[in-house]
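*Asks:* Attaching a single structure in structure tokens format; questions to follow.
What follows is calculated from the coordinates using simple rules that are stated; it is not laboratory data. Predicted model, so just to flag it, every value in this text is computed and none were measured. So basically every Cβ, Gly included, is an ideal-geometry build from the backbone, and we count neighbours across all protein chains shown.
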Amino acid sequence: DGAQFAKWRCVHKISATTPSHMALVEIAEVLARYASICQQNGLVPIVEPEILPDGEHDIHRCQKITETVLSYCYRALNDHHVYLEGTLLKPNMVTAGQAFKGTKPSHDEIALATVTALQRAVPAAVPGVVFLSGGQSEEDATLNLNAMNKLQTKKPWALTFSYGRALQASAMAKWSGKDENVPAAK
């Protein structure tokens, strides 16, 4: 039959004052309770603490916030006795905000910042990290994930994707629901 799973998404926004300590605690608690309930009912929980790409923050601020969010989540998951080997993590990639005015980070910079954040906050017991595209183009999301997998460093988790829109957007746009556009969309 395969694995049965459920996904729960909670979001954080980066600003000068967010995420707050209360938001970090509450979102981590909600995700941990959800994961515990899933496992009690035979489901694999996909834990999704998303950090929105909105804002003017640089990649370093996103990395720090990502590490903090993930640290709070894994503390709560442990407090709720969630079996980490039976979970998946669905985080954002560490990027600069969409309104960032500086030089856009390279795929290699995004890969290193993302994997470093995971190394600092995600236990090795977690079997897989399935990334969301977070508003990135299909090309950027794919190249960033490829750069992560090419990094020569400790990555105890499988790194893969869990995005559809980022892989389907251009084909869907070419198709536009019209039969005559099917060859171009393929």
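*Asks:* I'm trying to understand the selection: among the residues of region 24-63, which are part of a helix (DSSP H, G or I) and without any contact (Cβ under 8 Å) to a residue 12 or more places away in the chain?
*Replies:* E26, I37, Q40 - these are the residues of region 24-63 that are part of a helix (DSSP H, G or I) and without any contact (Cβ under 8 Å) to a residue 12 or more places away in the chain.
*Asks:* Cβ-Cβ below 8 Å, separation at least six or inter-chain, first residue in region 1-21 and in contact (Cβ under 8 Å) with a residue 60 or more places away in the chain and closer than 16 Å to L31 by Cβ, second among the charged types (D, E, K, R) and surrounded by 11 or more Cβ atoms within 10 Å (Cβ to Cβ): which pairs?
*Replies:* From residues that are in contact (Cβ under 8 Å) with a residue 60 or more places away in the chain and closer than 16 Å to L31 by Cβ, the pairs are K7/E48; K7/K90; R9/E48; R9/E50; R9/K90.
*Asks:* Which residue, of T116, T95, is part of a loop (DSSP other than H, G, I, E, B) and either more than 30 Å from V30 (Cα to Cα) or not basic (K, R) (or both)?
*Replies:* None of the others qualify; the one that does is T95.
*Asks:* Right, something else. Which ones in region 1-50 are of a type in the set (A, V, I, L, M, F, W, C), farther than 23 Å from S162 by Cα and surrounded by fewer than 20 Cβ atoms within 10 Å (Cβ to Cβ)?
*Replies:* Listed by number, the residues that qualify are A16, M22, A23, V25.
Yes or no, residue by residue, for (1) over 16 Å from P53 (Cβ atoms); (2) surrounded by fewer than 16 Cβ atoms within 10 Å (Cβ to Cβ); (3) within 18 Å of the chain's Cα centre (by Cα); (4) among the hydrophobic types (A, V, I, L, M, F, W, C):
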position: L88; (1), (2), (3), (4): yes, no, yes, yes
position: M93; (1), (2), (3), (4): no, no, yes, yes
position: Q98; (1), (2), (3), (4): no, yes, yes, no
position: A111; (1), (2), (3), (4): yes, no, yes, yes
position: A124; (1), (2), (3), (4): yes, yes, yes, yes
position: P127; (1), (2), (3), (4): yes, yes, yes, no
position: M172; (1), (2), (3), (4): yes, yes, no, yes
position: N181; (1), (2), (3), (4): yes, yes, no, no
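*Asks:* So which of Q39, Q63 is closer than 17 Å to A121 by Cα and touching a helix residue (DSSP H, G or I) at 6+ places or on another chain (Cβ under 8 Å)?
*Replies:* Q63
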